[in-house]
1. In region 130-152, which residue that is surrounded by fewer than 17 Cβ atoms within 10 Å (Cβ to Cβ) and in contact (Cβ under 8 Å) with a residue 12 or more places away in the chain is farthest from Gln56 (Cα to Cα)?
2. Return the total of residues in region 10-29 being touching a helix residue (DSSP H, G or I) at 6+ places or on another chain (Cβ under 9 Å) and away from the ligand (no atom under 16 Å from the Cβ).
3. Taking region 44-69 as the region of interest, how many residues are farther than 20 Å from Ile190 by Cα and not in a strand (DSSP E or B)?
4. Just to check your reading of the model, which residue among Glu198, Glu168 is at pLDDT below 95 and closer than 21 Å to Ala228 by Cβ?
5. Considering only residues that are touching a Lys or Arg at 6+ places or on another chain (Cβ under 9 Å) and not in a helix (DSSP H, G or I), look in region 80-92 and name the one that is surrounded by the most Cβ atoms within 10 Å (Cβ to Cβ).
6. Just to verify a result, which residue in region 46-69, among those that are of a type in the set (Asp, Glu) and within 9 Å of the ligand (Cβ to nearest atom), is nearest to Phe205 (Cα to Cα)?
7. Do we find that Lys123 is in contact with a Phe, Trp or Tyr (Cβ under 7 Å, 6 or more places away or on another chain), among the basic types (Lys, Arg) and away from the ligand (no atom under 16 Å from the Cβ) in this structure?
8. Is it the case that region 31-43 has a residue that's outside any helix (DSSP H, G or I), within 16 Å of the ligand (Cβ to nearest atom), charged (D, E, K, R) and surrounded by 13 or more Cβ atoms within 10 Å (Cβ to Cβ)?
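The values are calculated or read from the model by the stated rules, or taken from the named source; none is laboratory data. Just so you know, these numbers come straight off a predicted model, no measurement behind them. A quick note on method: Cβ atoms are made from the backbone with ideal geometry, for glycine too, and the neighbour counts reach across all protein chains shown.
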Amino acid sequence: MPQQIGRCGLCHEYPRELRKSHLIAAGIHRLLLNPERTDPNPVIMHDGKAVTSSKQISKHFLCADCEQRISRKGEDYAIPLCPQLSGDYPLRNRLMLMKPVEEYPTGDRVCDLWSLLEDDIEKIIYFAASVFWRAAATKWPYQGKRTQFIVLGDHLEGFRLFLLGRSELPSDSAINVVADACEPPEPFIIYPDSFAGEGCSIYHFRIPGLLFVLYTGPNIPKTFREGALNTSGRKLILLKDLRKTPLFDGILDVMSKTKRVGKFKKKKPPSA
Ligand SMILES: [Zn+2]
């Protein structure tokens with residue numbers, strides 16, 4: 001691969017050799033490959049549309065130091081907590097052993113993530129911030145276009161400085177997390193998207209097992225501000241069966257068309 005020299009999107013150093021950076025870490029895509037489906041490629045949702053795709057979104061964007069920083073401070077910790085191809089889902093297993101802070105008749109449980117992860121909660125915050133920042137910091141090649149997935153506006157620089165370890169996250173931002181309680185969690189990704197709230201902006205993305213929601217602005221609803229991972233309140237996680245939310249209707253429709261197949265039911269045609 002030819003070398004690409006340019007300015008690193010995160011540290012802004014120049015000149016730097018730029019690595020092929022991913023919007024969503026390659027390690028997360030690996031959690032999604034399912035040879036038991038007629039189409040083994042991951043199901044991806046963005047902008048209300050769900051598709052299966054073998055393509056990972058990547059471009060030359062960050063220097064090697066910044067790539068390593070993002071892996072070491074967030075991804076390397078977060079990815080092993082997600083549902084694995086073996087069927088194990090380490091984070092949910094640990095949450096199910098906890099006494100919830102609150103439990104609802106629907107089966108939804110709110111747990112204290114701080115008491116489970118303690119200082120490691122910083123790595124979950126870092127991971128989520130790194131994905132939201134990447135989605136906003138550049139235009140990524142996606143379906144034949146250059147796409148900036150979300151707009152963080154005035155918060156973009158604050159997120160960049162946080163990822164470099166030079167500041168806290170902007171005080172009017174709140175990262176919330178939901179763990180998928182469905183068994184097994186559906187293997188798909190929702191790329192970062194944004195929504196207008198009342199007096200705040202709302203962003204989300206979903207990787208297998210985990211949905212992250214970011215609120216920014218002056219009027220973040222109290223529940224989400226106080227339960228956020230990055231504020232001084234309680235650092236909570238909601239354990240919820242995400243199949244029961246309208247957000248996933250389009251996803252489940254696409255997944256129903258890529259049914260599981262028995263290993264021997266559909267053999268590959270012999271190669272010529
Ligand atoms: Zn850099």
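1. Step one: filter region 130-152 for residues surrounded by fewer than 17 Cβ atoms within 10 Å (Cβ to Cβ), giving 139, 141, 143-146, 148, 151.
From the residues that got through so far, the ones that are in contact (Cβ under 8 Å) with a residue 12 or more places away in the chain too are 141, 148, 151.
Details: Pro141: 10, Gln148: 15, Val151: 21 Å.
Looking at the filtered set, the residue picked out is Val151.
2. So the count comes out to 5.
3. Of the residues in region 44-69, the ones farther than 20 Å from Ile190 by Cα are 60-69.
Adding the requirement that they be not in a strand (DSSP E or B) leaves 64-69.
Total satisfying the criteria: 6.
4. Values: Glu168 fails: at pLDDT below 95.
Criteria check complete, one pass: Glu198.
5. First pass over region 80-92, keeping only residues touching a Lys or Arg at 6+ places or on another chain (Cβ under 9 Å): 81, 83, 85.
Now drop any that are not not in a helix (DSSP H, G or I), which leaves 83, 85.
Values: Pro83: 24, Leu85: 13.
Looking at residues that are touching a Lys or Arg at 6+ places or on another chain (Cβ under 9 Å) and not in a helix (DSSP H, G or I), I get Pro83.
6. From region 46-69, those of a type in the set (Asp, Glu) are 47, 65, 67; that's our starting set.
Subsequent filtering for residues that are within 9 Å of the ligand (Cβ to nearest atom) retains 65, 67.
Values: Asp65: 25, Glu67: 20 Å.
Going through the qualifying residues, I end up with Glu67.
7. On the way: in contact with a Phe, Trp or Tyr (Cβ under 7 Å, 6 or more places away or on another chain): yes; among the basic types (Lys, Arg): yes; away from the ligand (no atom under 16 Å from the Cβ): yes.
Yes, satisfied.
8. Quick first cut of region 31-43, residues outside any helix (DSSP H, G or I) only: 31-43.
Now restrict to residues that are within 16 Å of the ligand (Cβ to nearest atom): none.
No, region 31-43 has no match at all.
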